[in-house]
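The values are calculated or read from the model by the stated rules, or taken from the named source; none is laboratory data. Not measured: the values here are computed from a predicted model. Using ideal geometry, Cβ is built from the backbone for each residue, glycine included, and neighbour counts are taken over all protein chains shown.
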Amino acid sequence: MSVKDIKDKTPPRTMPIQSATFSNPINAEIRRAAATGIYDIRGGGAKRRVPHFDDLLFLGASVSRYPLEGYREKCDTKVTLGTRFAKKPIELDIPITIAGMSFGALSGPAKEALGRGASAAGTSTTTGDGGMTPEERGHSSKLVYQYLPSRYGMNPDDLRKADAIEVVVGQGAKPGGGGMLLGQKISDRVAEMRNLPKGIDQRSACRHPDWTGPDDLEIKILELREITAWEKPIYVKVGGTRPYYDTALAVKAGADVVVLDGMQGGTAATQDVFIEHVGLPTLACIRPAVQALQDLGVHREVQLIVSGGIRTGADVAKAMALGADAVAIGTAALIALGDNDPRWESEYQKLGTTSGAYDDWHEGQDPAGITTQDAELQKRLDPIEAGRHLRNYLSVMTLEAQTIARACGHNNLHNLEPEDLCALTMEAAAMARVPLAGTEWYPGKPGF
Amino acid sequence: MMQTYDLQANSLRELNAALHAQANDTNQTSWEIVNPRGSHAVAVGLDAPIEVSVKGSTGYYTAGMNKQATVHVHGSAGPGVAENMMSGTVVIEGDASQYAGATGHGGLLVIKGNASSRCGISMKGINIVVHGNVGHMSAFMAQSGNLVVCGDAGDALGDSIYEARLFVRGSVKSLGADCIEKEMRPEHIEILRDLLDRAGSDAKPEEFKRYGSARQLYNFKVDNAY
Amino acid sequence: MCGIVGLFLKDKALEPQLGALLTDMLITMTDRGPDSAGIAIYGAEDTSASKLTVQAEDPDTAFDGLADKMAAALGGKVTLTRNDTHAVLQVPAGKAEEARTALREIAPEVRAMSFGDTLEIYKEVGLPKDVAARFDIAKMSGTHGIGHTRMATESAVTTLGAHPFNTGSDQCLVHNGSLSNHNSLRRKLQREGIHIETQNDTEVGAAYLTWKMQNGATLGEALEASLEDLDGFFNFVVGTKDGFGVVRDPIACKPAVMAETDQYVAFGSEYRALVNLPGIETARVWEPEPATVYFWTHDQAPNPKKKAA
């Protein structure tokens with residue numbers, strides 16, 4: 001080999017290595033922040049991977065326990081919410097409810113579709129930060145009216161029209177933060193409902209205007225009960241952060257139902273830093289909340305609704321096995337209606353994104369016509385067809401959950417228990433307090 | 001004919017149920033509540049053109065979400081009096097605690113004494129006339145309606161205000177973010193004259209200054225974040 | 001999260017009724033705090049003795065011979081007067097703090113509730129009416145007193161977690177609200193050698209005042225400093241041997257009502273707590289301003305806007 005040959009060969013070189021810390025998405029965000037001077041605002045829930053229901057598996061019955069026959073042997077799915085103090089508790093056919101999403105964040109047809117789908121499935125839907133629309137009330141056989149810090153559209157007539165009242169203290173996407181609705185979505189009707197000028201950015205307060213803390217909340221709940229003749233179940237919704245204390249205090253303040261929303265729960269719009277960095281994974285919320293209910297002797301008497309990242313019947317069954325009485329879905333319901341559907345891919349591309357990643361719900365340009373107030377885009381959603389899709393989806397989730405419950409030998413979804421589960425990861429084992437698969441151990445288990 | 005309710009002898013539930021049972025065409029137009037003794041949720045959720053007179057001081061949320069009714073408290077009122085009022089009139093002879101008229105959508109709230117902090121917080125169309133002073137953070141995020149203060153206002157008046165009008169006769173300890181003094185035009189004098197008249201105040205509209213939104217927080221931009 | 005009541009008597013004629021008036025006020029605040037209750041009573045001064053109020057889970061055995069052991073530790077005469085789970089040890093004048101320190105050695109299972117010349121603190125888990133009844137608070141007389149009903153937020157429902165907290169000789173503190181920097185402050189104070197028993201946020205507030213005063217601040221200065229150093233929401237009512245004070249955080253969300261007549265100054269989380277006080281119909285009733293320290297003493301003519309010394 002001549003010297004020339006050696007020179008011609010490319011010498012070995014170090015591969016370019018992307019930093020795990022300064023990754024391309026992070027660098028892009030630094031450049032975006034540097035250019036605009038404002039934090040990133042988006043919709044949806046946490047996108048990062050956190051320990052979740054996927055990290056749990058069920059232990060089907062075989063010899064030591066006997067399974068139930070699918071279709072033939074009954075597996076009850078009914079749930080009654082508000083049995084503690086309310087004269088008129090809500091009876092649902094399935095333990096899957098629709099979480100609060102505002103008219104304003106969602107279009108009128110989208111709200112109608114949610115009402116149609118939920119009603120057909122025998123469950124409830126929930127208003128949001130913006131008041132109750134006649135369409136929504138009309139199409140929802142059971143409607144939960146949210147009582148929020150902003151009190152947009154709050155009035156005693158709608159309060160009495162509701163089937164339950166949900167006092168919203170916080171939500172999983174942004175515990176400790178208020179709501180946001182940017183000007184693009186403040187149409188004439190939204191502006192009128194919220195008593196705001198059209199087109200301005202609307203920020204909701206992070207605390208209620210007329211009470212702070214559980215001792216005041218108790219008096220607020222008394223007032224709401226007096227206004228509604230003690231008929232309506234009163235829910236208290238909290239974002240998952242300190243679920244043991246917050247659940248206990250909601251109970252002490254007099255709640256009928258506690259709604260606990262983990263960090264995968266969505267929002268119409270807030271700071272990305274809030275969505276990704278504040279809150280507790282849904283999986284980690286349930287056991288402490290159930291523990292609080294049990295310590296106070298009110299588990300099942302005060303019902304627990306869990307939300308944040310529920311997608312399948314398996315998720316439903318797992319949440320219930322950990323002690324929830326019901327679950328609520330938001331993002332999943334929007335996807336069932338048609339949110340982020342690949343059929344609109346070319347339009348997502350025009351917005352600089354792709355189906356499945358679209359989260360600029362606050363901009364009001366949703367190609368699927370769901371998270372928008374644009375009159376033309378709204379027309380893309382047929383509320384009847386979308387409602388039917390939601391009903392189908394709720395039905396499938398229920399059937400899936402029943403399949404699992406029967407396989408575990410239960411004649412009622414509420415009889416699922418933590419002992420029906422095992423965990424695939426140490427993290428999930430610790431958070432759900434169920435044994436690591438194949439062992440009898442989980443981190444933090446007493447006696448080890 | 002006057003109906004009298006003694007809150008020492010009868011329960012709050014009985015009282016509110018009786019008041020709720022009044023229809024628009026009721027002939028029981030006059031009610032008197034004695035011995036309120038600081039009770040919460042007195043005369044809440046009313047929806048009939050009745051007159052309720054409360055003899056003594058009340059606790060939280062007196063006349064909350066009122067519609068049509070006239071509620072007159074001959075004493076002081078606790079936190080959140082007339083919160084989310086829709087219409088009608090609420091008069092407090094004494095002082096009002098925090099959050100008076102919070103999120104109110106309509107009607108007239110008159111406080112003959114002083115109101116404490118957060119008077120008119122997040123108000124959405126209600127008219128509030130305070131004969132005395134108001135505390136800090138009054139009219140925080142106030143959206144619409146009028147807040148009239150015949151005395152002085154505390155710190156951070158009208159912080160993050162939207163389109164509500166604030167009229168103050170005395171001093172303002174400090175203005176909140178995006179709240180500025182504005183020109184008092186003839187139409188404002190007229191609004192103020194009417195409100196003072198209805199609230200039984202002999203203050204002169206010309207003695208007041210008007211405050212409102214500078215509208216600089218209406219859209220997110222870098223200078224607004226802190 | 002809680003209910004607070006306080007009563008500072010100007011009229012000596014009311015002193016025999018102090019316990020009864022405070023008991024009534026306390027029970028009215030049950031809704032705000034059903035978990036535990038406590039009361040601090042400032043009684044008549046005995047110039048020959050100071051007081052250490054103690055509590056035990058098992059008072060029958062724990063209080064047996066305690067006076068003798070304390071007498072041996074301190075030197076001088078010690079008497080013990082039991083009241084249910086509590087007892088007041090009368091120790092030689094000026095030796096109350098020494099007695100509190102000695103107690104940890106001679107009877108570690110017995111907990112000190114308060115020490116000083118006139119202060120006695122009684123507190124237990126349970127409904128305010130039951131707590132007041134078991135100590136027969138209604139029969140007690142005194143110059144001023146502070147009561148508290150607790151709805152526990154993040155720390156355990158225990159006797160030690162109940163308020164009032166004793167902050168120094170004849171000093172006590174109650175709190176409504178929620179402090180958000182109590183953990184780091186607790187670590188700092190513990191490094192400074194301040195004794196803190198519980199995970200309770202209020203105890204840290206109390207310990208903070210103690211620490212400030214140990215470093216030369218007056219109670220008033222310590223309260224002023226708390227406005228800067230404590231994060232979160234608080235209404236504090238504090239008692240001293242001859243006075244009582246009130247301070248609210250700058251945001252001032254938690255409720256506070258005060259009433260004053262020629263006979264007394266009273267504090268309540270809600271007006272309901274004050275309705276049975278004599279002459280309340282004609283009292284001056286107002287709400288304390290945020291971030292302002294108020295103080296009343298017997299030494300001078302009370303002044304509602306007077307800043308603490």
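Annotations for the structure displayed:
- Scope the stretch A:149-164; condition under 20 Å from residue A:265 (Cβ atoms), in contact (Cβ under 8 Å) with a residue 60 or more places away in the chain and either crowded, with 24+ Cβ neighbours inside 10 Å or more than 14 Å from chain B (Cβ to nearest Cβ) (or both); matching residues: A:164
- Against the test of being within 14 Å of chain A (Cβ to nearest Cβ), exposed (fewer than 15 other Cβ atoms within 10 Å of the Cβ) and not small (Gly, Ala, Ser), the options B:216, B:143 yield a single qualifying residue, B:216.
- Residue check, residue B:131 more than 11 Å from the chain's Cα centre (by Cα), crowded, with 24+ Cβ neighbours inside 10 Å and either at pLDDT 95 or above or within 14 Å of chain A (Cβ to nearest Cβ) (or both): no
- Only one of the listed residues (A:284, A:375, A:333) is more than 23 Å from residue A:245 (Cβ to Cβ) and surrounded by fewer than 24 Cβ atoms within 10 Å (Cβ to Cβ). That residue is A:375.
- Among helices (runs of 4 or more DSSP H) entirely within the stretch A:343-413, having at least 3 residues that are touching a helix residue (DSSP H, G or I) at 6+ places or on another chain (Cβ under 9 Å) and charged (D, E, K, R) singles out A:383-407.
- In the set (1) within 12 Å of another protein chain (Cβ to nearest Cβ); (2) on the phi < 0 side of the Ramachandran plot; (3) in contact with a Cys (Cβ under 9 Å, 6 or more places away or on another chain), residue A:262 fails one condition alone, (1).
- Positions within the stretch C:106-161 being part of a helix (DSSP H, G or I), in contact with a strand residue (DSSP E or B) (Cβ under 9 Å, 6 or more places away or on another chain) and either of a type outside the set (A, V, I, L, M) or within 14 Å of chain A (Cβ to nearest Cβ) (or both), in sequence order: C:128, C:129, C:130, C:134, C:135
- Residues (under 15 Å from residue A:318 (Cβ atoms) and assigned to a loop (DSSP other than H, G, I, E, B)) located in the stretch A:422-439: A:424, A:425, A:433, A:434, A:435, A:437
- The stretch A:265-280: number of residues that are within 12 Å of another protein chain (Cβ to nearest Cβ) and in contact with a helix residue (DSSP H, G or I) (Cβ under 6 Å, 6 or more places away or on another chain): 1
- Only a single criterion out of (1) modelled with pLDDT under 95; (2) within 14 Å of chain B (Cβ to nearest Cβ) is not satisfied by residue C:294, namely (2).
- Test result for residue B:100, surrounded by fewer than 23 Cβ atoms within 10 Å (Cβ to Cβ) and more than 9 Å from chain A (Cβ to nearest Cβ): no
- Checking B:17, B:82, B:43 one by one, the residue that is over 19 Å from residue C:276 (Cβ atoms), small (Gly, Ala, Ser), within 14 Å of chain A (Cβ to nearest Cβ) and touching a residue at least 40 places away in the same chain (Cβ under 8 Å) is B:82 and no other.
- Single match in C:266, C:259 (criterion: at pLDDT 95 or above, within 23 Å of residue B:119 (Cα to Cα) and of a type in the set (A, V, I, L, M)): C:259
- Whenever a residue of the stretch B:59-72 is not assigned by TED's automatic domain parsing to the domain that holds residue B:23, it has no partner that is surrounded by 24 or more Cβ atoms within 10 Å (Cβ to Cβ) and of a type outside the set (Val, Ile, Thr) lying with C-beta atoms less than 8 angstrom away and at least six residues away or across chains.
- Residue among C:226, C:169, C:141 that is at pLDDT 90 or above and over 30 Å from residue C:83 (Cβ atoms): C:226
- Taking (1) without any contact (Cβ under 8 Å) to a residue 24 or more places away in the chain; (2) under 27 Å from residue B:64 (Cβ atoms); (3) in contact with a strand residue (DSSP E or B) (Cβ under 9 Å, 6 or more places away or on another chain) in turn, residue A:85 satisfies each apart from (1).
- In this entry, residue B:125 passes the filter for residues that are under 26 Å from residue B:22 (Cα atoms), assigned to a strand (DSSP E or B) and among the small types (Gly, Ala, Ser).
- Taken over the stretch A:168-193, the criterion of being among the basic types (Lys, Arg) and in a loop (DSSP other than H, G, I, E, B) is satisfied by A:174 alone.
- The residue list B:45, B:94 contains one member that is outside the structural domain of residue B:134 (by TED's automatic domain parsing), surrounded by 17 or more Cβ atoms within 10 Å (Cβ to Cβ) and closer than 17 Å to residue A:225 by Cβ, which is B:45.
- Filter result for residue A:368 (in contact (Cβ under 8 Å) with a residue 12 or more places away in the chain, within 21 Å of residue A:96 (Cα to Cα), within 23 Å of the chain's Cα centre (by Cα) and buried (at least 18 other Cβ atoms within 10 Å of the Cβ)): no
- Residue within the stretch C:188-200 that is crowded, with 24+ Cβ neighbours inside 10 Å and either in contact with a Ser or Thr (Cβ under 6 Å, 6 or more places away or on another chain) or in a loop (DSSP other than H, G, I, E, B) (or both) present: yes
- Verdict on residue C:66 being over 25 Å from residue C:195 (Cβ atoms), buried (at least 19 other Cβ atoms within 10 Å of the Cβ), touching a helix residue (DSSP H, G or I) at 6+ places or on another chain (Cβ under 8 Å) and not β-branched (Val, Ile, Thr): no
- Taken together, the criteria place residue C:74 among residues that are in contact with a helix residue (DSSP H, G or I) (Cβ under 9 Å, 6 or more places away or on another chain), surrounded by fewer than 22 Cβ atoms within 10 Å (Cβ to Cβ) and of a type outside the set (Lys, Arg).
- Filtering the stretch C:246-280 to residues that are assigned to a strand (DSSP E or B) and over 20 Å from the mean Cα position of the chain (by Cα) leaves only C:260.
- Per the listing A:196, A:283, A:249, A:222, the residue uniquely modelled with pLDDT of 95 or more, farther than 30 Å from residue A:50 by Cα and either in a helix (DSSP H, G or I) or within 12 Å of chain B (Cβ to nearest Cβ) (or both) is A:222.
- Any hit, the stretch A:269-279, residues being free of Cβ contacts under 8 Å to residues at least 12 places away in the same chain and not in a loop (DSSP other than H, G, I, E, B): yes
- Test set (1) in contact with a His (Cβ under 9 Å, 6 or more places away or on another chain); (2) in contact (Cβ under 8 Å) with a residue 40 or more places away in the chain - residue C:17 fails condition number: (1)
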